[in-house]
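The values are calculated or read from the model by the stated rules, or taken from the named source; none is laboratory data. This is a predicted model, so every value here is computed, not measured. Positions of Cβ are generated from backbone atoms using ideal geometry, with glycine treated the same way; all protein chains shown enter the neighbour counts.
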Amino acid sequence: MRILFVGDVFGSAGRRIVREHLGYIVHGRSVDLLIVNAENAAGGFGLTPPIADELFDLGAHVLTTGNHIWDKKEIIDYLKSVPADSHDRPRRVIRPANYAPGSPGFGVYQGTLPSGQEYAVVDLQGRVFMANNEDPFRTADALLKEITAKIIVVDFHAEATSEKCALGWYLDGRVTAVIGTHTHIPTADDRVLPGGTAYQTDVGMSGPYDSIIGVQKELVLERFLTSMPNKFEAARGDPRMAALLIEADPATGHALSTERLLLGE
């Protein structure tokens, strides 16, 4: 089976470039499972229910998120609107599983494709240079005891390259893929680890590359040069869609190959 993971959709430029490319890639490459990181989709910071619906309408099976999940407050009631056993759209938006107990929403989703193939998507957040969340390594151990699907994709939303690489090796052979998000710069290290887990340190941003990781350049430079607070605004120029295409064996859950995609207008 083929899995397409689309990297952090950033603002309106990111949504536009994803909308431009997804249809022909999904059909032309016979994609079975489509996962999109959507935590920056609303103006570069957060996710709203209408934008979640927009991405689901494009064919996404699951939307993953990260540290900006609470930036748009309306997403909280959206995540709370469904029970754990639901398969409705709000249940298919997941936040990091290693957030504090009682946080709105869920950190893992298990579903079934029309073919009958079961799959699971896990969202985890790193701790190095990030918020004070629970240990992602032990959280992954606990979740894997409960997941019955063979196909398991992990979105690891983390800052430090070393932490991402460590989780990839830690989960090698136990999940189909560990895909890094958050830093918005696509890395050239996609590969299948010896145990059969596809890995990439960061899939990259689907958004405006005429920017500093999605934000208007002048605003970021002002922050660096003056250390004064200012409001960041999403850039719009040179949009590109970053994604990772994974071929996997549905019987074993092991990845067979990876292919990086970076598509402009």
Legend entry - Answer from 207, 196 - the residue that is over 23 Å from residue 129 (Cα atoms), touching a helix residue (DSSP H, G or I) at 6+ places or on another chain (Cβ under 6 Å), surrounded by 17 or more Cβ atoms within 10 Å (Cβ to Cβ) and at pLDDT 95 or above: 207
Inset, instruction - Pick out, from region 1-120, the helices (runs of 4 or more DSSP H) lying fully within it that include 1 or more residues that are among the charged types (D, E, K, R), farther than 22 Å from residue 237 by Cβ and at pLDDT 95 or above. - result: 49-57, 74-80
Legend entry - Any hit, region 41-54, residues being farther than 17 Å from residue 241 by Cα, touching a residue at least 60 places away in the same chain (Cβ under 8 Å) and in contact with a strand residue (DSSP E or B) (Cβ under 6 Å, 6 or more places away or on another chain): no
Inset, instruction - Confirm whether residue 66 is within 19 Å of the chain's Cα centre (by Cα), surrounded by 20 or more Cβ atoms within 10 Å (Cβ to Cβ) and without any contact (Cβ under 8 Å) to a residue 60 or more places away in the chain. - result: no
Inset, instruction - Confirm whether residue 210 is in a loop (DSSP other than H, G, I, E, B) and on the phi < 0 side of the Ramachandran plot. - result: yes
Legend entry - Enumeration of residues in region 233-265 that are among the hydrophobic types (A, V, I, L, M, F, W, C), assigned to a loop (DSSP other than H, G, I, E, B) and surrounded by fewer than 17 Cβ atoms within 10 Å (Cβ to Cβ): 251
Legend entry - In region 168-213, residue nearest to residue 265 (Cα to Cα) [restricted to those that are over 14 Å from the mean Cα position of the chain (by Cα) and of a type in the set (Asp, Glu)]: 210
Legend entry - Scope region 174-187; condition surrounded by fewer than 24 Cβ atoms within 10 Å (Cβ to Cβ) and without any contact (Cβ under 8 Å) to a residue 40 or more places away in the chain; matching residues: 174, 183, 185, 187
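Here is a yes/no grid of residues against (1) within 22 Å of residue 183 (Cα to Cα); (2) of a type outside the set (A, V, I, L, M, F, W, C); (3) out of contact with any strand residue (DSSP E or B) (no Cβ under 9 Å at 6 or more places or on another chain):
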position	(1), (2), (3)
59	no, yes, no
102	no, yes, yes
108	yes, no, no
117	no, yes, no
